[in-house]
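Written below as structure tokens is the structure these notes are about.
The values are calculated or read from the model by the stated rules, or taken from the named source; none is laboratory data. All figures in this text were calculated on a predicted structure; none of them were measured in a lab. For neighbour counting, all protein chains shown are included, and Cβ atoms are generated from backbone atoms with ideal geometry for every residue, glycine included. Only protein heavy atoms, including side chains, enter the accessible area calculation; ligands, DNA and RNA are left aside. Shrake-Rupley method; radii C 1.70, N 1.55, O 1.52, S 1.80 Å.
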Amino acid sequence: MILIAGASGQLGAAIREAASLRGIPFAAMDRDALDIADPREVARVCDSKLFDCIVNAAAYTAVDAAEDHPAEAYVANAFGPWRLAMSGIPLLHVSTDYVFDGRAREPYGEDAPARPVSVYGLSKRAGETALLEGGFRGAVVRTAWVYSLREGTKNFCRTIRRLAHEREEISVVADQRGAPTLAEDLADALLALYLKGEHLKPMHLLHFTNAGSTTWHGFAERIVELEGARCRVKPISTSEYPARAPRPAFSVLSLERIRALGIEPRSWEDALEDAFQRLKTHS
Ligand SMILES: NC(=O)c1ccc[n+]([C@@H]2O[C@H](COP(=O)([O-])OP(=O)(O)OC[C@H]3O[C@@H](n4cnc5c(N)ncnc54)[C@H](OP(=O)(O)O)[C@@H]3O)[C@@H](O)[C@H]2O)c1
């Protein structure tokens, strides 16, 4: 049975659903049921010997707020995953493209040097290092630009869908490039890794995003189009949309290693279109 930590987040909810669909037994725990940074809670939940793998979707994800709350970010993103791994249960842990500085022009391989430019990125990198150097079993799966159309989730795609109907024009950053990734596709990939036994290997790094890349502006244009809205999407530069934490200008991740495992990410365009299609079918 797998233990899903952070089960009420956007990825956690997608993993829950994917596990149900695949008939994989799981226990889903939100922060109230399991605070991953609380050693006593981790011991209480993990000592039960019920679980053969932990899938960790719990994290402090407020990228801008992390600049002013580094302790909270490090507790959840560095200490938390280390605590989970210390239980001795193999771990599939999710990390981020924000461990890179964004100066590359080619997709980042797993072994490219990590140089985070934000507190969030630093805290996630500290989590990676604790796992990779701790002699644990499992995988650190980096991803990027995660979104879901699921009710109750907060992400770029859902914000643009709403604004597309509220505004005549929106301004969106056109000089940051990455790979929009459907939470449901990432959830599927994590469970595929579990079924392939990837969690039993010595701790290693993998990348999973949807394939291809675009800018936030390109992503927004496609969302507005699929939404059937008339809203104009104006390209702007990062300097015109100042944020508390710097973002990497380029954070496309190489997918060669995950492909070699027989997991083929579909294109971000196909994933987005499919997500809209499924939403229509279900409403
Ligand atoms: N979203 C993205 O674009 C993106 C990109 C790259 C990588 N990632 C990574 O993907 C993973 C999933 O992110 P997401 O988008 O699903 O984020 P999310 O929606 O913010 O979910 C994170 C969940 O973790 C919970 N959490 C925070 N601290 C915790 C703790 N100490 N113990 C237990 N649970 C805790 C949060 O609960 P509360 O809400 O109660 O705090 C929330 O339910 C994270 O590792 C993130 O770093 C995300």
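Sticking to Cα atoms, compute the Rg of the range 1-157 to one decimal and its Dmax as the biggest Cα-Cα distance, whole number, in Å.
In Å, with Rg to one decimal and Dmax whole: 15.3, 47.
Shape verdict for the range 235-278, please, from the Cα gyration tensor: rounded (a/c under 1.5), prolate (a/b greater than b/c) or oblate.
oblate
How much FRET efficiency would the formula 1/(1 + (r/R0)^6) give for Ala43 and Arg266, where r is the Cβ-Cβ distance and R0 is 45 Å, rounded to 0.05?
The pair Ala43/Arg266 has a calculated efficiency of 0.70.
At 222 nm, what helix-only mean residue ellipticity would the chain give, in deg cm²/dmol to the nearest 500, using -39500 (n - 2.57) for each DSSP H run of four or more?
Value at 222 nm, helices only, nearest 500: -11000 deg cm²/dmol.
Taking just the alpha carbons, could you work out the radius of gyration and Dmax for the range 164-270, both in angstroms?
Every Cα atom of the range 164-270 included, Rg and Dmax give 16.9, 52 Å.
Could you work out the percent of alpha carbon pairs in the range 94-222 separated by over 23 Å, rounded to a whole number?
Roughly 40 percent, rounded to a whole number.
Per the 1.4 Å probe, what fraction of the accessible area of the range 106-219, in percent, lies on carbon and sulfur atoms? Please report the intermediate quantities before stating the final value.
Working: 2170 of 4400 Å².
Answer for the range 106-219: carbon and sulfur cover 49 percent of the accessible area.
Within the set of other residues whose C-beta is less than 11 Å from the C-beta of Val94, count the net charge using Lys and Arg as +1 and Asp and Glu as -1.
So the environment of Val94 carries a net charge of +1.
Sticking with the crude label model, points 7 Å out along Cα→Cβ, report the distance from Asp30 to Glu110 in nm, one decimal please.
3.3
Within the accessible area of the range 1-80, what % is carbon and sulfur when the probe is 1.4 Å and the other protein chains stay in place?
54
Taking a point 7 angstrom from the Cα of Glu169 along the C-beta vector, which residues in the range 220-250 have backbone N less than 15 Å away?
230-237, by backbone N distance to the label point.
What translational diffusion coefficient, in µm²/s and rounded to a whole number, does the Stokes-Einstein relation yield for the chain at 20 °C and a viscosity of 1.002 mPa s, taking the hydrodynamic radius as the Kirkwood radius over Cα pairs?
112
Between the range 10-87 and the range 113-186, how far is it from one alpha carbon centroid to the other, in angstrom?
17
Under 5 Å between amide hydrogens, which residues at least 5 positions from Leu91 or on another chain qualify, with H placed 1.01 Å from N in the peptide plane?
Long-range HN contacts for Leu91: Ile54, Arg137, Gly138, Ala139.
Can you give me the accessible area per residue for the chain, using a 1.4 Å probe, in Å²?
Per residue, the chain has 46 Å² of solvent-accessible surface.
For the range 207-283, state the average projected area of the convex hull of the C-alpha atoms over all orientations, rounded to one decimal in nm².
Averaged projected area of the range 207-283's Cα convex hull equals 7.1 nm².
Per-residue counts of other Cβ atoms within 10 Å, averaged by peptide: what ranking do you get for 5-14, 195-204, highest first?
Answer by packing, highest mean first, reads 5-14, 195-204.
Under 17 Å from a point 7 Å along the Cα-to-Cβ line of Asp274: which residues of the range 206-233 have their amide N that close?
So the set is 208-213.
Please give the net charge around Pro116, taking every other residue with its beta carbon less than 13 angstrom from that of Pro116, where Lys and Arg add +1 and Asp and Glu add -1.
On the way: positive: Arg103, Arg115, Lys124, Arg125, Arg142, Arg247; negative: Glu67, Asp97, Asp101, Glu128.
After counting each charged neighbour, the total is +2.
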